[in-house]
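Only one structure is covered here, and it is reproduced in the block below.
The values are calculated or read from the model by the stated rules, or taken from the named source; none is laboratory data. Quick caveat, the model's predicted, so the values are computed rather than measured. In this analysis, Cβ positions are derived from the backbone assuming ideal geometry, glycine residues included, and neighbour counts consider all displayed protein chains. We work out accessible area using only protein heavy atoms, side chains counted, and drop any ligands, DNA or RNA first. Shrake-Rupley method; radii C 1.70, N 1.55, O 1.52, S 1.80 Å.
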Amino acid sequence: MNATVKKFALGMVTALVVLIGLAAPASAQDRNVLIINETRHTIVEFYASNIGRETWEEDILGEDVLPVGQSLNINFDDGTEACLYDFRAVFDGGGELVRNRIDVCSIGTYRYTQD
């Protein structure tokens, strides 16, 4: 194999590797959702579990809180390719709101509002 053929082959392999690396799987979707607190209470805990789970996952806020009027962007990609999640917000004072079957693949924003 001469040098020109080797360079061409190497160039083709490199191009193929780059194209494969850039191609996203057909099922890859944006699961980033902006959670906005429009209630009158601080959210002190926030849980989200895909509907295939039987228990709540860990508190996403951890040591943080989501004050009134503030927002937080959350990436819900847990590696399962799930789109439907149940949300649970716990407020200062002990109240909580559970919302079921939120499609994180089709929304970009979720607002907690006063009832």
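Values computed for the structure shown
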quantity	calculated
Failed condition for I43, given (1) at pLDDT 95 or above; (2) of a type in the set (A, V, I, L, M); (3) open to solvent by 40 Å² or more (accessible area, probe 1.4 Å)	(3)
Residues (surrounded by 13 or more Cβ atoms within 10 Å (Cβ to Cβ) and of a type in the set (S, T, N, Q)) located in the range 53-74	Q70, S71
Residues within the range 45-87 that are within 12 Å of the chain's Cα centre (by Cα) and either in a loop (DSSP other than H, G, I, E, B) or farther than 17 Å from R111 by Cβ (or both), tallied	13
